[in-house]
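After the C-alpha cells below, expect a handful of questions from me.
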Amino acid sequence: MPSRLAVISPHLDDGVLSCGELIFANPGSVVVSVFAGGPNDVSWLTPCDNASGFALGDDVVSARRAEDIAASQLLGAAAPIQLDFWESQYRDPPFDYRGPFGTNLVNAIADTLHHVLADQSIDKALAPLGMQHEDHRDVRRAVLALAAQSGEVEVDWWMYDELPYREEFPSERQKATESLANAGFERGGLPLSHERHVGAKKRAVLCYRSQVKSLGDCILKAVQYPETANRLVRMKASS
C-alpha cells in the first residue's frame with residue numbers, strides 16, 4: 001500500500017510555503033492546518049489583518065480557509081483539514097477567546113492530531129521545526145509529544161524548515177534545533193528529496209492573496225528557496 005503523506009501546517013499557508021513542491025510531487029497528500037480557527041467576524045482589526053486588506057466585520061477565517069482550499073487543489077492535494085484552534089493574534093481580548101492556553105493548548109493539539117492522523121491513515125507526516133512564531137513552537141511541542149508516545153498510530157515523522165523563516169531568520173533554526181535536542185530528538189539522515197516544481201508552488205502561493213498583500217516579497221521568497229525536511233529520530237542515550 002503506498003504511503004499517505006500529511007503536512008502539518010501551523011497556519012493557513014505555512015504548509016504550502018514550506019512544502020508546496022513536495023505536496024505537488026505526492027498527489028493526494030493532505031495539509032492539516034492547526035491554527036485555522038478564530039472569530040466569525042472581526043470587531044477589531046489586528047495589524048496583520050489590517051495589512052492583509054480586511055475590514056471590520058469581515059469573516060477573515062473563512063476567507064483565509066478558502067485561499068487554503070484553492071492552493072491545495074492547485075497542488076493536487078486532498079481536501080485540506082482545517083482545525084479550529086485560534087491563532088495567537090486572536091487568543092486575547094477583544095476576541096472573547098475561551099479556549100486553552102499554554103500546556104493545555106499543546107496537549108489539545110497533540111490529541112487532535114493523533115485522531116486526525118489515525119482517521120486519515122497517515123504513515124508519513126511532516127511537521128514544522130518551530131521557528132520564529134509562538135504558534136509554530138506550540139505545534140512542534142505537540143508533535144514531539146506525539147512522537148514520544150507509542151500507540152496505534154505509527155507515523156514516520158519528519159521535520160521541515162519553515163520558509164521563508166529559515167532564510168530570513170537563520171538564528172531561529174539553531175534555536176529550534178536545540179529545542180529538539182532538549183526534548184530528546186534530532187534530525188537525522190539525508191533530507192527528503194523530490195523533484196523541484198517551482199511553477200506549481202508559485203501558483204499555489206499566489207492563492208493566499210491576503211498574505212501576499214500583507215507580506216509581499218517576503219512570502220514570494222518562499223518559492224525561491226529549496227525545501228528541506230529531515231527525519232525526526234530519538235537521540236541515543238550517552239553511555
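Taking residue 221, is it surrounded by fewer than 17 Cβ atoms within 10 Å (Cβ to Cβ), free of Cβ contacts under 8 Å to residues at least 60 places away in the same chain and not in a helix (DSSP H, G or I)?
no
Which numbered condition in (1) outside any helix (DSSP H, G or I); (2) more than 14 Å from the chain's Cα centre (by Cα) is the only one that residue 158 fails?
Failed condition: (2).
Looking at (1) surrounded by fewer than 19 Cβ atoms within 10 Å (Cβ to Cβ); (2) in contact with a strand residue (DSSP E or B) (Cβ under 7 Å, 6 or more places away or on another chain); (3) basic (Lys, Arg), which one does residue 140 not meet, given that it meets all the others?
So residue 140 meets the others, but not (1).
Now a separate question. Would you check if there is a residue in region 161-172 being farther than 20 Å from residue 11 by Cβ and assigned to a helix (DSSP H, G or I)?
Yes, there is a match, as at least one residue in region 161-172 is farther than 20 Å from residue 11 by Cβ and assigned to a helix (DSSP H, G or I).
Within region 195-231, which residues are in contact with a Leu (Cβ under 7 Å, 6 or more places away or on another chain) and hydroxyl-bearing (Ser, Thr, Tyr)?
225
Which of the residues spanning region 191-239 are of a type in the set (Lys, Arg), under 18 Å from residue 128 (Cβ atoms) and at pLDDT 90 or above?
Across region 191-239, the qualifying residues are 201, 231.
Could you check region 158-174 and list, in sequence order, the residues that are over 12 Å from residue 226 (Cα atoms) and either of a type in the set (Ser, Thr, Tyr) or modelled with pLDDT under 95 (or both)?
Answer for region 158-174, where residues must be over 12 Å from residue 226 (Cα atoms) and either of a type in the set (Ser, Thr, Tyr) or modelled with pLDDT under 95 (or both): 165, 168, 169, 170, 171, 172, 173, 174.
The values are calculated or read from the model by the stated rules, or taken from the named source; none is laboratory data. Source: prediction; values computed, not measured. Cβ: placed from backbone, ideal geometry, glycine included. Neighbour counts: every protein chain shown.
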